[in-house]
Amino acid sequence: MVPTPAGTAHTPAGTAAHPAGPAGFSGPVLRPGDEGYDRGRSVFNAMIDRRPVAVLGCRSAADVVAGVAWARREGLELAVKSGGHSVAGNGVCDGGVVLDVSGMKAVDVDPQAGVARVEAGVTLGELDAATATHRMATPTGVVSVTGLAGLALGGGLGWLHGRYGLACDNLLAAEVVTAAGELVTATTTGHADLHWALRGGGGNFGVVTAFTFRLHPVDVVQAGVLGFGPDRAAEALVAYHRLASSCPDELTVNASLYRDEHGEPGVALAWCHLGSPAEPGRLLAEVRGLGPDVDEAGPTRYLDLQRSSDSGFPEGRRHYWRSASLSAIDAECATTLLEQAAAIVSPFTGIGLQQLHGAAARVPAAATAYPHRSNRYDLLILSQWDEPADDEANTSWTNRCFTALERFTDDGVYVNNLGDEGEQRVRRAYGANFQRLRRVKARYDPDNVFRHNHNIPPA
C-alpha cells in the first residue's frame, strides 16, 4: 500500500474510513497522521510496511474485550501485537485494527508458590529481571528483547528446556479474550482444550492477556563459546552432533554458522550448563580436543546470558528467514552447511542450529499443541540486512541455502520461525496435532476472527 504523503489530511475519526473507536477504551487510539501512529504500526522486521486504520493501545483485559468487539462490529480485520517479533509481520495488518498489548507490563512473582503471573506485553528480559530477584526463572527464548507472548504461544526453545521443558510446557494458566468477547481462564481443569491448544498453537484462539508460568531455581550458570575457523569447522559440527545426541539435560549447546571478514565460514558453539562447575569440562572434552580458536567459559548470571545476544538484533533491520527441522549432522551435511555459510551475503546473517533435547523431547507429541518431541535441531537461516536495495540478493541467497539443505531436513518446522509461507508449511508445524487444533479453533473462533497469524482454519 502506498503511504499517505506527509502533510496530507487524513479522514477524520468517525467517518466510514475511520469509524469511532471502542466505547470506554482506556488506552490511546492512534490513526494515520497521529503522533505515535508510525511507531504503533512498526514491527521488528523492517520489510513489513502496513497501514491499519487504527492502533489500539490496550492497557487492560477490558480494553482487549472492547477492541475485539469493535473490530468485529465494524467488519475490520484484526491483528494482535505484543513484541512484534513475528518475521512474517503478523502483529500488524493493512486496513484493519491492531490490538497493541505491548503496554501491558505487570509481572507478579510468588516465590513461595513458584509461579509468576505475566501480562501480555512483557518481554523475555523483563520477566527474567523480575524472577532473577528471587533466583528463579522459567524457560523462554534466547534473545531478551523478544516478546514473551508470541514466543510462549508458539513453543519457546531456550537455554533451560533440556532441564525444565519449553516455555509452553511451563504455562499453568492463561487469561484469554475469545472471539465472542468473553474473558476466560484456561488451565488443565478449566477450558482444558484451549489450554492444550495455547501451548504451541500460537494466537489462533484468542488474545491472551496474562500468563501464569511455573518457576524453577536458576541463578548462576556455567556458559561459554567454542569457535572454529574453516579448517576445523566441519569436524566441529560432526562432533557437536555427537555431543548433542548424548549430553545430559543440564547442558544445552547451540551452533551458529557465519562468514568471517575474509569470506571464510566458521562455527560457534554456544553452551549453557545448569549444575556443577566441573561438569562442562568433561562433557565438552571431545569438542575442545579439536583445538578451537575461541574458548570462552565461566560462571555467569542467567539474566546476563539471556541478554548476551541482544546486540545482534537491533531495531530497523530487514529480515527474511527460512527454517526446518534437522535430526542429524553427518560429514556431508556439515560440508553443505559450510558451503552455504561461505556464500552468505550480509555480515549480519547467520545459520543457526538450536538444540532440542532432554525434558522438552520427552513430552508426548500429543500432550501439547507443539508436536516436535524428539532430539533434533531447529535449523534457522536468519538473513538480516539494512538497505531495501539489498532485498533481492539476501532473499535469493536464503532460498538457495534452504533448497541446498532440504535433503537433510525433516518434515517439521518450528512455527515461531515461519515467514508467510502458506498453509502447507503451517500444517508441517503442527503435524498430527493439526486436526485437533482445527476442532479447538471451531469451538473458540468459528468465524476465524483471529486469522492474521500462521492460521489454523476452523474445522
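Computed over region 121-239, the convex hull of the alpha-carbon atoms projects to a mean area of 9.4 nm². Taken per residue, the accessible surface of the chain reaches 39 Å², heavy atoms only and a 1.4 Å probe. Take the Cβ atoms of Ser396 and Thr336, set R0 to 22 Å, and the FRET efficiency comes out at 0.80.
Protein-only accessible surface at a 1.4 angstrom probe places the residues Asp447, Asp128 in the order Asp447, Asp128, largest first.
Placing Val145, Val176 in order of accessible area, with the largest value first and a 1.4 Å probe, yields Val145, Val176.
Just to confirm the number: angle between the C-alpha axis of helix 391-405 and the first principal axis of the chain, 0 to 90 degrees, nearest 10? That works out to roughly 50 degrees. Taking label points 7 Å from Cα along the Cα-to-Cβ direction, Glu261 and Arg135 give a separation of 4.2 nm.
Against the main long axis of the alpha-carbon atoms of the chain, helix 434-444 sits at an angle near 30°. Distance from the C-alpha centroid of region 27-67 to that of region 373-431: 28 Å, rounded to the whole angstrom. At a Förster radius of 45 Å, what calculated FRET efficiency corresponds to the Cβ-Cβ distance of Arg443 and Thr300, to the nearest 0.05? After rounding, the FRET efficiency stands at 0.50. Binning the alpha carbon pair distances of the chain at 20 angstrom intervals from zero yields the distribution 25, 57, 18, 1, expressed in whole percent. Amide H contacts for Lys81 (H built 1.01 Å from N in the peptide plane; partners 5 or more residues away or on another chain; cut-off under 5 Å): Leu99, Asp100, Val101.
Taking the C-alpha atoms only, the angle from helix 61-74 to the longest principal axis of the chain is near 60 degrees. Once you divide the Cα radius of gyration of region 225-303 by 2.2 N^0.38 Å, the number left is 1.09. Gain on full extension, evaluated as 0.36 nm per residue between Ser245 and Arg39 minus their Cα-Cα distance, stands at 69.7 nm. Using R0 = 25 Å, the C-beta based FRET efficiency linking Arg427 and Glu77 works out to 0.65.
The values are calculated or read from the model by the stated rules, or taken from the named source; none is laboratory data. What you are looking at is a predicted structure, and each value in this text was computed from that prediction instead of being measured. Note that we place each Cβ from the backbone using ideal geometry, even for glycine, and neighbour counts take in every protein chain shown. Ligands, DNA and RNA are stripped out before the accessible areas are found, and what is left, the full protein with its side chains, is counted by its heavy atoms. Shrake-Rupley method; radii C 1.70, N 1.55, O 1.52, S 1.80 Å.
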